[in-house]
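Worksheet: the structure to be examined is printed underneath.
The values are calculated or read from the model by the stated rules, or taken from the named source; none is laboratory data. Given the structure is predicted, the values throughout are model-derived calculations rather than measurements. Note: ideal-geometry Cβ built from the backbone for every residue, glycine included; neighbour counts use all protein chains shown.
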C-alpha cells in the first residue's frame, strides 16, 4: 500500500532536468527525445511492410503495344521493300449490254454481284423516239378520223338538202301544172266568148299574161328539178368513187392503228436481256437516266471463261515473265498459286478489256493475266468479281528467305509426323500382343 502511494507521488512530481545546459545559454540536450523519435520510426516500419505493393501490369501493356506497333511497321517495311505487291480480281469475259438507240431507263431489275441467266431481263427501257413516234401516230389517227367524220357529215347533209329541194320543186311543179291547165281552159273559154262578142279582148289578154307568168314559173321549177335529178344521178355515179376515196383514208387509218399497236408492244417489251450466263459486275445507270446508243447499261461478266487479273506497278516489269508462279490469296486468307499466261504492257490494252473491267489501283500500269498453277478450274470461292492479292520478290534473296522458311516449316512438320508415328508404334505392338 505504501509502495503504491509512493509511486503515485513520483508520477505527480515534475521530472527534474538532470542534464546540464550547454555553454552559451542553449537548450539543454535531451537524449530521451532521440530515443522517442527512434522508437516511433521503429514502430512505423511494420505498417509500411504490411501495405501490399501495386502491380506493374501497366508498363507491360505499354511495352506490348510498342512491340506490336514495331512488328506492324517492320512487316509493312518488309512487304513494301522486298516485294512487288499486286491486287486484282477474278473476272470472266465482259459484256457491255447497251441499247441500239437513245432510251430512258424505266426500271432496273438487277443489282451488282447478282447471278443471271441467258435471256433474263436486266433493264426495262422507255424510248423517247418510240414515244414521239407513238404521239405522231396517234395525232395522225385523230386527224384522219376527224376528216372521215367531217366528210361523212358533209355528204349526208348535201344529200339531205338535195332530197329536200327535189321534194319541194316537185310539189311546186305539180301545183304549177294544175294551175297551167286551169288557166288554159279558162283562156279557151274566154276565146269563145270573145269570138261570140260576149266579152272584150282585154279580159282575154289578162288571162294570157297570167298564164305566161305561170308557164315561166313552171319552166323555172322544172329546170331546178331537172338539175336536182342530175345531181342525184351524179351522186349515184360518184358514190363508187367517193366510197373508194373514203376507203383510202380508212385503209390509212387501219395501217396507222396497227402501227400504234406495234409501237405500244415495243414500248411494253422494250428491255435489255442478258446475252449469256454470268454475274452482274456493274450497273452504271438508275431509273430515269437517258442513255445514248452504245452506252453500257449493265456490265456482265461471263463465268465460263474465267481469268485472274492482277495489277503491278511499272517497276515490276523485269520481275514478271510468262509461266511464272505467283503466290496469291484472297481477302479472307485463302491461298492459291497462279501461273502467268499473259502480260499486258499497259492498262488500256484491248485484249485485257475483252475479259475484265479493269478497275486498277493508282500507280498500276501492268496487267497480268493468270490461271490456276495446277491447270485446274478456279475453285468455287474464286467466283467472278472476287478480289485477289499477289506479290513477286524485288530481289532474289527475299525469295531465298521465303523458300528457307518454307523448308524449315516443312521439315518441322515432317519431324512432328515422324515423331508421332514412332510414338504410335509401341502402342500398336502392345495392342497386337494383347
Of the residues that make up the stretch 175-187, is at least one closer than 30 Å to residue 266 by Cα and touching a helix residue (DSSP H, G or I) at 6+ places or on another chain (Cβ under 7 Å)? no
State whether one or more residues within the stretch 82-96 are at pLDDT below 85 and assigned to a helix (DSSP H, G or I). yes
Checking 163, 186 in turn, the sole residue that is surrounded by 13 or more Cβ atoms within 10 Å (Cβ to Cβ) and either under 60 Å from the mean Cα position of the chain (by Cα) or more than 30 Å from residue 255 (Cβ to Cβ) (or both) turns out to be 186
Look at residue 171 and say whether it is over 30 Å from residue 152 (Cα atoms), modelled with pLDDT of 80 or more, part of a helix (DSSP H, G or I) and out of contact with any strand residue (DSSP E or B) (no Cβ under 9 Å at 6 or more places or on another chain). no
Sole exception among (1) surrounded by 12 or more Cβ atoms within 10 Å (Cβ to Cβ); (2) assigned to a helix (DSSP H, G or I); (3) at pLDDT 80 or above for residue 135, by number: (1)
Counting only residues that are in a loop (DSSP other than H, G, I, E, B) and either out of contact with any strand residue (DSSP E or B) (no Cβ under 9 Å at 6 or more places or on another chain) or surrounded by fewer than 17 Cβ atoms within 10 Å (Cβ to Cβ) (or both), how many does the stretch 256-274 have? 1
Across the stretch 179-224, what is the number of residues that are under 30 Å from residue 161 (Cα atoms) and touching a residue at least 12 places away in the same chain (Cβ under 8 Å)? 9
Please indicate, with yes or no, whether at least one residue in the stretch 299-317 is within 30 Å of residue 138 (Cβ to Cβ) and either free of Cβ contacts under 8 Å to residues at least 60 places away in the same chain or part of a strand (DSSP E or B) (or both). no
